[in-house]
Amino acid sequence: MWPVATISAGAPAKVNLTLHVTGQRDDGYHLLDSLVVFADVADQMTATVAPDLRISVSGPFALGVPTNHTNLVLRAADALRQARNVTQGAAITLEKHLPHAAGIGSGSSDAAAALALLADLWGVPPLPATADEVLALGADVPVCMRKPAPTRMSGIGDILSPVPTLPDCALVLVRPPVEVPTSVVFKGLVSKTATPMDPLPEGMDFLGFANWLSAQRNDLAAPACLLAADIRQAITKLKANPHVVAAGMSGSGATCFGLVKDMATARQVARVVQLSHMNWWVAPAQVLGRA
């Protein structure tokens, strides 16, 4: 008789506030330098012990998410089960509130949440972010295992460093209805040996952080904008709002962000953007883990 207890976890959006491409290895992997934060808009996951591994997907972004062995959550579950010699399975439910293929780590955050959730469910030690099994799941999975802490991610995503405490702030996340394949965006880079991001100073206030962020880059934004003009339009729309102090694109796109001082402001800006572009995904979000 299997236990009927169900446990749950959130998988928050991962936002690359900066993304500097600093090199490329001989094996083709790009070297990055990125400030990653997590936002309180999230997928939701539950799991119950079962005789096998299976997943069901619901929610506004369930369409297109596979439920077979190609699903990254199931791959993460299987990796943990093999690494820890677990004989049990799990019935997993995933409620998708984050758009996938959108540059905010939707699948990677789900996989990271599954690794922690299932370690708890099965009563086994969790895998460290540096484990080969975790790295094999994708470059964004290790940093997502550090949620909710803001993190500097470098190397190929395998070098994770803490950062000074960020000031209280919020984001307006905006995704136009376009897809920009990551591999195609990387191919559009003019330079693959750009400078790393500037060191993050200690004790910044909100405006100091906004000024620091405005001086950084996402090197993938330019090639992504060439592929999809809506991305440039979204960034321009955010920058035009007087409450937005910095704006850019997350990851390889197509989600863009506007930095604002608090959630009340984020909701106000989000309403303005949504009313002018009803077919865009727009979400106000608190930045997590600042303290």
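The values are calculated or read from the model by the stated rules, or taken from the named source; none is laboratory data. Everything numeric here is computed off the predicted structure, so don't read it as measured data. So basically every Cβ, Gly included, is an ideal-geometry build from the backbone, and we count neighbours across all protein chains shown. When the accessible area is computed, the model is the full protein with side chains, heavy atoms only, and any ligands, DNA or RNA have been set aside. Shrake-Rupley method; radii C 1.70, N 1.55, O 1.52, S 1.80 Å.
What the table shows:
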| item | result |
| --- | --- |
| Accessible area of SER276 in the full protein assembly, 1.4 Å probe (Å², nearest 10) | 60 |
| Normalised contact order of the range 183-273, rounded percent, pairs of Cα under 8 Å and 6 or more residues apart | 25 |
| Carbon and sulfur %, accessible surface of the chain computed with the full protein complex present, 1.4 Å | 56 |
| Candidates LEU166, LEU35, LEU63: whichever shows maximal mean-square fluctuation once the chain is modelled as a Gaussian network with Cα springs under 10 Å | LEU63 |
| Amide H contacts under 5 Å for VAL180, placed H, 5+ residues apart | ALA254 |
| Pairwise centroid distance, computed over Cα atoms, of the range 1-42 with the range 213-281, Å | 20 |
| Length-normalised contact order for the chain - Cα pairs under 8 Å, 6+ apart - percent | 24 |
| Cα shape, the range 194-291, gyration tensor, a/c 1.5 rule | oblate |
| Cα gyration tensor shape of the range 208-248, rounded if a/c is under 1.5, else prolate or oblate by comparing a/b with b/c | oblate |
| Gyration tensor verdict on the chain (Cα atoms; rounded if a/c is under 1.5, prolate if a/b is larger than b/c, oblate otherwise) | prolate |
| Probe 1.4 Å, protein heavy atoms only - accessible area per residue of the chain in square angstrom | 44 |
| Distance between modelled label sites at GLN24 and ALA5, nm, 7 Å Cα→Cβ extension | 5.0 |
| ASP219 - accessible surface, heavy atoms, 1.4 Å probe, Å² rounded to 10 | 30 |
